[in-house]
Amino acid sequence: MSPARRGGEQGPFLYGEKLNDIEVTREIVLKNKEEAIKLFGYNGEFKRRLQSETPVRIVDRGHRVALIGNDEDVEVIDGLLNEMLTVIRRGHEPTFADFEYALEEARSKDVNGLGDALTDAVVVSRRGTVVRPRTRGQRQYVEAMRTHDIVFSIGPAGTGKTYLAMAMALSSLMRREVARLVLCRPAVEAGESLGFLPGDLERKVNPYLRPLYDALYDMLGAGDLARYVEKDMIEIAPLAYMRGRTLSNAFAVLDEAQNTTHEQMKMFLTRLGRDSKTVITGDITQIDLPRGKVSGLVEAVGILGGTDGVSFAYLTKKDVVRHKLVQDIIDAYEVKEKNDLSRRQEQNAAADYDSRGRSATDAEKRGAAQASQ
């Protein structure tokens, strides 16, 4: 597509607005060639991606970058690139996923503070990997965990609910803010029966807890993880093991909380002891409880909303940081579920109408029969 159109012609622009005849030019001054490479990608892939989505022309002039186009569009792209420069100048190298998210934010013309969101380190793993929020929603979630003792994180798959909770918990342990981590999940099968699993109790529940081990292994490595577990500084257990306990000086994480019952959620929340924090994560669109059972997570939203010291962080499909197709899959399922709901409502309305019609007809027949008598 052409990088810009004239004369008010409507095109597939970033913001869906008409471009007027007046063009403006803004310049961004870079410190060196390395900044240009990090800003636009080693092979210019970031620049090409931006040019394919926006009518603003980007002219690379060595240490100076010229932005040419409609005043409003240029202002937003100027803000986007300066926020990405903030990320670079704080010692981080933006990934393609970071750039895609920045582009998504630019579509809504809201790029202020993006650099802060992309450089807020939570923990540095033993492998040197920096775990940090990748979206504005994730940063708000991290901030909630820093400032509240109980945090509920609710959102679709791939939004980093569990991973960021584990990172915050590990960071607290490494800074000696807590003495141990307690990580648990309800042992509920995801829509299929696993039958009778072999082995002792530990081997039976291990498949349900494997995702928690995977996240910690990614941050700690096998050796450190085994050492922490051996010293009881990290405990990973089924939710049922929490009954009767008091979790003091601990950071507790309850994952897959949409599969808790009323009793289980109440039991877990009342385990909180002195100098402790807890994070509860879940996706209320993927409830695997038996039909008729109310999710403890869904219920807690209504019961605890507005309670001092309790925070609710809602993540959306904009916060998905897995493969881009995950966001598309979530969109597709949302459309289907809305269509199914509309169809059921129409069917129920039609059945109700037919029922009322039959009742009225029966009443008329009874009236006629009584009159004839």
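What does the charge count around HIS262 come to, taking other residues whose C-beta lies under 13 Å from its C-beta (Lys +1, Arg +1, Asp -1, Glu -1)?
Once positives and negatives cancel, what remains is 0.
Summarise the accessible area of segment 63-178 (1.4 Å probe, protein heavy atoms) by the percent that is carbon and sulfur.
44 percent
Non-local amide H neighbours of LEU183 (under 5 Å, H modeled in plane, Pro and chain starts lacking H): which ones?
GLU235, ILE236, ALA237, VAL253
Filter the cross-link list LYS161/LYS317; LYS38/LYS161; LYS266/LYS293; LYS161/LYS336; LYS161/LYS318 down to pairs whose alpha-carbon distance in this structure exceeds 19 Å.
Too far apart for the 19 Å limit: LYS38/LYS161; LYS161/LYS336.
Taking the solvent-accessible surface of protein heavy atoms with a 1.4 Å probe, what is the per residue accessible area of segment 81-186 in Å²? Present the calculation step by step, with values, prior to reporting the outcome.
Details: 3900 Å² over 106 residues.
The answer is 37 Å² per residue.
The values are calculated or read from the model by the stated rules, or taken from the named source; none is laboratory data. Keep in mind it's a predicted model, so treat the numbers as computed, not measured. Quick reminder, even Gly has a Cβ in these numbers, built from the backbone with ideal geometry, and neighbours come from all protein chains shown. Note: accessible area is taken over every heavy atom of the protein model, side chains too, but ligands, DNA and RNA are not part of it. Shrake-Rupley method; radii C 1.70, N 1.55, O 1.52, S 1.80 Å.
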